[in-house]
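In what follows, a single structure is set out as structure tokens and then discussed.
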Amino acid sequence: RTTAPTSIVVFGGTGDLAKRKLFPAFFNLFIDEWMPAHFQILALGRKPYTQEKFRRYVLENLREFSRNNNYTEKQWLNFSEKIIFVNFDITDENSFRNLHDKLTAFDVTCNRRANRLFYLSVAPSFIDKVSANLKKMGLASEIEKDRIIIEKPFGYDKASAVALNKLLNENFKEEQIYRIDHYLGKETVQNILAFRFANTFFEPLWSNRHIESVQITVAEQVGVEDRGGYYDHSGALRDMIQNHLLQILCMVAMDAPVEFESSLIRDKKAEILKAVRRIKPEDINHYTVRAQYTEGVINGKPKKAYKQEPGVDPDSKTETFVAMKFYIDNPRWQGVPFYMRTGKSMVQKKSSVIVNFKEVPNKTFVNSKDKLQPNQLTINIQPEMDIRLAFMAKKPGLDMTLKPAEMVFDYFECAPDSPEAYETLLIDALDGDSTLFMRSDQVEEAWDIIATIQEEWENGTYSPIYTYSAGSWGPQAADDLLSRQGHRWLSTT
Ligand code: BG6
């Protein structure tokens, strides 16, 4: 845990992310005593706030978005003193000079050069200006002490991600750059590594010898809400598959690193991304399904069609759902399909990984009245947070009849109030631990994996966009994608 005095600078301090995630995360870290004794948070924004008004705005948001509303007035007052609103124009060098003065003044109060954490929660088009000015003013010049966190979207395609990496590497050292994928901060996602590598019993089975297929689902019940403008130029492939789902895939499929150390872990993840088979343009329709939601009903309430959402082009061809099949061409995973699906306005919120084991090879119970169900390991990421192992057991009684049974490890039981992903990631960034952040090569490989799909969906001659009713599990075509291989989506109840 870092004790070094730190200036935290949030570009986009009045934005949505700061309001919903960053301030609640810093506050929770503060009340749980994870923050350094000496820190300040400079919230940069263009809205005209007085200090008092801004602090009140932060408090209102904490009440709405913080996981923990159990704090004292004194704790809030102590925290609020650390927040300083700074009226800031990214395009104006004077704003950066002013920032320089504020950072230096804080250093003086600490009697030393404090660490600096710059959080770039701004539109990608501003990253250029911000990083060039940080460099020009020497604000992030101490490699050991100064870190830059970059929010997604990290590029729009492979070429723009490469350009963005180049730009960042011109201004900072790679070890200063923290590319965030908040799924990597989720407890249940991190636990995949603990589960796999801190136990002996699953790793020997973790390969094509024993595993039939793997399914990764990230279903959301929310639609695009007020983000239509952004989302309509992104779509589910860019917004979710390129980052969150491929990162989960890495956690499930990577080999064990020799040590739990940042570069070793990231090397293993990068190896998986390199080994993911690239889909040829002519095979796109065989491996992928895209769809958009039409009107429907969610939780008994009518939901309008995607095309009618604010900020969305009424003729939009943007996908709000993707289902696809990947193969990983390495000795461990050769031939095992990895199915992925994600979508908005679906019937329920559910993120999970399901590992389907092969059928038992021997025929001992072939005449059993009950059909043998292959073993299945389910890792529920959210909203349920548990690990479930399905197996066959004998039904109590005089004859040898079998029935499916389950062993469950429930996260809520042992940690009902576990930290939010952003808390974990922010404390890691304050500590200078980049394990859970993405390295430039990982980001570029992930874009490379989806490159032909992007190209074909945008410019190809025949790649249908299916529809699904809001409040459903997606289009029939997504089911067909699996049934062709004798599989079906699980966790659909
Ligand atoms: C974001 C996407 O990265 O992740 C959103 O841009 C999506 O579209 C969100 O809703 C999902 O995150 P979570 O933590 O709510 O599953």
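Derivation of every value follows stated rules applied to the coordinates shown; laboratory data play no part. Given the structure is predicted, the values throughout are model-derived calculations rather than measurements. Note that each Cβ is placed from the backbone with ideal geometry, even for glycine, and that neighbours are counted across all protein chains shown.
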Likely footprinting exposure, C414, C110, fewest C-beta neighbours within 10 Å first
C414, C110
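Could you sort the peptides 16-22, 6-12 by per-residue average Cβ neighbour count (10 Å cutoff), highest mean leading?
Working: 16-22: 19.3, 6-12: 24.7.
Result, highest mean first: 6-12, 16-22.
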Relative to the longest principal Cα axis of the chain, at what angle does helix 421-431 sit, 0 to 90 degrees, rounded to 10?
50
Give me the distance in nm between label points sitting 7 Å out from Cα along the Cα-to-Cβ direction at D315 and H233, one decimal.
1.9
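Compute the FRET efficiency between L264 and K363 as 1/(1 + (r/R0)^6), taking r as their Cβ-Cβ distance and R0 = 45 Å, and round to the nearest 0.05.
Working: r = 43 Å, r/R0 = 0.96.
Efficiency, from the Cβ-Cβ distance: 0.55.
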Report, to two decimal places, the Cα Rg of the chain normalised by 2.2 N^0.38 Å (N = number of residues).
1.04
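So if we plug the beta-carbon distance of V108 and F65 into 1/(1 + (r/R0)^6) with R0 = 35 Å, what FRET efficiency do we get, rounded to 0.05? Show your work: numbers first, answer last.
Details: r = 34 Å, r/R0 = 0.97.
Efficiency, from the Cβ-Cβ distance: 0.55.
Among S483, S345, S262, S351, which comes first, second and so on when ranked by fewest other beta-carbon atoms within 10 Å?
Numbers: S483 12, S345 28, S262 18, S351 25.
In order of increasing Cβ crowding within 10 Å: S483, S262, S351, S345.
Give the peptides 142-153, 123-134 in descending order of average Cβ contacts within 10 Å, highest first. Intermediate values should be presented prior to the final figure.
Details: 142-153: 19.1, 123-134: 17.2.
Answer by packing, highest mean first, reads 142-153, 123-134.
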Nearest 10 degrees is fine. How inclined is helix 51-65 to the longest principal axis of the chain, computing both from alpha carbons?
10
Could you work out how much longer the chain between R1 and E142 gets when fully extended? Use 0.36 nm per residue separation minus the Cα distance between them, nm to one decimal.
48.8 nm
Determine, for each peptide in 277-287, 78-88, the mean count of other beta carbons within 10 angstrom over its residues, then list the peptides with the highest first.
78-88, 277-287
How tilted is helix 93-110 with respect to the longest principal axis of the chain? Cα atoms for both, answer in degrees (0 to 90, nearest 10).
90
Sequence order, the range 371-379: Karplus ³J(HN,Hα) from phi using 6.51 cos²θ - 1.76 cosθ + 1.60, θ = phi - 60°, Hz rounded, Gly and Pro as x, gives 5, 5, 9, x, 4, 9, 10, 10, 10
Between F412 and D89, how high is the FRET efficiency from 1/(1 + (r/R0)^6) when r is the Cβ-Cβ distance and R₀ = 45 Å? Nearest 0.05.
0.50
When we measure straight from the Cα of K135, which lysines land under 26 angstrom away, once same-chain ones fewer than 8 places off are left out?
K47, K82, K102, K145, K152, K158, K166, K173
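Please give the calculated 222 nm ellipticity per residue for the chain, where each DSSP H segment of at least 4 residues contributes -39500 (n - 2.57) and the sum is spread over every residue; nearest 500 deg cm²/dmol? Before the final figure, lay out each step's value.
On the way: 15 runs with 161 residues, N = 493.
Theoretical 222 nm ellipticity from helices: -10000 deg cm²/dmol.
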Any idea how far apart A256 and Y462 come out in nm if each label point goes 7 Å out from Cα toward Cβ?
4.9
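Would you mind ranking V108, V214, V297 by Cβ crowding within 10 Å, fewest neighbours first? Walk me through the numbers before you get to the answer.
On the way: V108 9, V214 21, V297 13.
The order, fewest Cβ neighbours first, is V108, V297, V214.
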At the level of C-alpha centres, the distance separating the range 41-119 and the range 186-265, in angstrom, is 33
Between A37 and K135, what is the spin-label point distance in nm, taking each point 7 Å from the Cα along the Cα→C-beta axis?
3.8
So the label point goes 7 Å from the Cα of K74 along Cα→C-beta, right? Which residues of the range 35-49 then have their backbone N under 14 Å from it?
none
